[in-house]
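So the structure is just underneath, and the comments pick up after that.
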Amino acid sequence: MQALSNLFRAAWSSDARLDGKTVVITGANTGIGKEAAMDLAKRGARIIIACRDMEKAEVALKEIIDSSLSDNVVCMKLDLADTKSIREFAEAIIKNEPKLNILINNAGVMVCPFGKTADGFEMQIGVNHMGHFLLTSLLLDLIKRSAPARIINVSSMAHAWGSINLEDINSEKSYNKSKAYAQSKLANVLFTRSLAKRLEGSDVTTYSLHPGVVQTDLWRHLSLFEQFFMKIASPFTKNSVQGAQTTIYCAVEPSLEKESGGYYSDCALSNCSAAGKDDDLAQKLWELSCRMLSISWE
């Protein structure tokens, strides 16, 4: 019942402005990412939508500009399933953008068939965690120079059903699409927690969040039975505008200025799973991620 009451809680709203701020949102060509881009553009921010499919990105770009009445919105190519693309994107941002105040790691894949990224990672852990882990590391110096700044990782309540298999993080010994998704979303929560500790005193804060059960393109990999179930449950799900609210909240809410590392749901601090608070697991995942990506990030 608590979940239902949260779902129907009055929408959060704020007139906070972001004039002079620069925002990068991954996967903002659809769903909650696009809605967040529209909202933040209306608040005066420069918006960079980072997308894999540039044809879809150009369509979304026009929609965001038309909705926000802001022409300070651009799209750039970013494929989170390819570290070469991530590095090229980061290099372009660092070269061309004097500041980066808000990074929203929003893009993701959900319960997809087994597949691998260009670098051999299982697709869900590769895109949802490894890709954003690398992107954040490459942009962090610019973010620090732009402080006060925020880093937002879109996770899911599914993290509570997940575990991190440090011995087989790429699910090569056995693959369950739902378990792999939950693992990647738990990784988002643990990454946020670890990053917050490393950024103490920097005036850069981090947040992970559950957007709600949102009707988006992520549902495309659900089985017919799962899609049927979700249709039945649709009166209790959120549309993209509602689903974007917690992302927007974490990006602009003034009272969060000194908060860092927390997990949010329905525009409020929420409880993550016990595994999501496991600092030893978070450290091991951090070290494993660095090794797999061949980066040094202390």
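Quick notes
- For region 30-41, the condition holds for at least one residue, the condition being that it is of a type in the set (S, T, N, Q), modelled with pLDDT under 95 and either over 22 Å from ARG193 (Cβ atoms) or surrounded by fewer than 22 Cβ atoms within 10 Å (Cβ to Cβ) (or both).
- Residues (modelled with pLDDT of 95 or more and on the phi > 0 side of the Ramachandran plot) located in region 245-266: GLY261
- Some residue of region 164-184 being outside any loop (DSSP other than H, G, I, E, B), at pLDDT 95 or above and within 13 Å of the chain's Cα centre (by Cα): yes
- Of the residues in region 21-39, none is more than 22 Å from PRO211 (Cβ to Cβ), in contact (Cβ under 8 Å) with a residue 12 or more places away in the chain and hydrophobic (A, V, I, L, M, F, W, C).
- Of the residues making up region 84-94, none is among the hydrophobic types (A, V, I, L, M, F, W, C), over 17 Å from the mean Cα position of the chain (by Cα) and not in a helix (DSSP H, G or I).
- Where LYS231 falls short, out of the listed (1) modelled with pLDDT of 95 or more; (2) surrounded by fewer than 19 Cβ atoms within 10 Å (Cβ to Cβ); (3) under 26 Å from LYS34 (Cβ atoms): (1)
- Region 259-284 residues that are in contact (Cβ under 8 Å) with a residue 60 or more places away in the chain and under 20 Å from SER202 (Cα atoms), paired with ones that are charged (D, E, K, R) and in a helix (DSSP H, G or I) (beta carbon under 6 Å, 6 or more apart): GLY261/ARG193
- Qualifying residue in region 211-222 (condition: modelled with pLDDT of 95 or more, assigned to a helix (DSSP H, G or I), of a type outside the set (A, V, I, L, M, F, W, C) and over 28 Å from ALA45 (Cβ atoms)): no
Rundown of residues vs (1) crowded, with 21+ Cβ neighbours inside 10 Å; (2) polar (S, T, N, Q), yes/no style:
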site	(1), (2)
ASP53	no, no
ALA60	yes, no
GLU63	no, no
SER70	no, yes
LYS77	no, no
LEU80	yes, no
SER85	no, yes
GLU91	no, no
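- In region 1-14, of all residues being of a type in the set (Gly, Ala, Ser) and under 20 Å from GLU257 (Cα atoms), the one that is modelled with the highest pLDDT corresponds to SER14.
- Residue match in region 75-89 (condition: among the basic types (Lys, Arg) and more than 25 Å from ARG291 (Cα to Cα)): yes
- Remark: pairs (first residue in region 45-65, over 16 Å from ALA92 (Cβ atoms); second residue in a strand (DSSP E or B); Cβ separation under 6 Å; 6+ apart in sequence or on different chains) = ALA45/VAL23; LEU61/CYS75; ILE64/VAL73; ILE65/VAL73.
- Filtering region 114-153 to residues that are assigned to a helix (DSSP H, G or I) and of a type outside the set (A, V, I, L, M, F, W, C) leaves GLN124, GLY126, ASN128, HIS129, GLY131, HIS132, THR136, SER137, ASP141, LYS144, ARG145.
- Per the conditions (1) modelled with pLDDT of 95 or more; (2) surrounded by 18 or more Cβ atoms within 10 Å (Cβ to Cβ), the sole criterion not satisfied by LYS116 is (2).
- Hits in region 154-163 - residues which are part of a loop (DSSP other than H, G, I, E, B) and under 22 Å from GLY27 (Cβ atoms): SER155, SER156, GLY162
- Here THR136 passes the criteria (1) farther than 15 Å from THR192 by Cβ; (2) out of contact with any helix residue (DSSP H, G or I) (no Cβ under 6 Å at 6 or more places or on another chain); (3) not aromatic (Phe, Trp, Tyr) except the one numbered (1).
- Boolean, ARG17 is basic (Lys, Arg), surrounded by fewer than 17 Cβ atoms within 10 Å (Cβ to Cβ), at pLDDT below 95 and closer than 25 Å to SER255 by Cβ: no
Residues checked against (1) outside any helix (DSSP H, G or I); (2) farther than 14 Å from LEU135 by Cα:
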site	(1), (2)
ALA28	yes, yes
LEU40	no, yes
GLU58	no, yes
LYS62	no, yes
ILE104	yes, no
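The values are calculated or read from the model by the stated rules, or taken from the named source; none is laboratory data. Owing to the predicted nature of the structure, the values given are computational and were not obtained by experimental measurement. With ideal geometry, Cβ positions are generated from the backbone for all residues, glycine too; neighbour counts draw on all protein chains shown.
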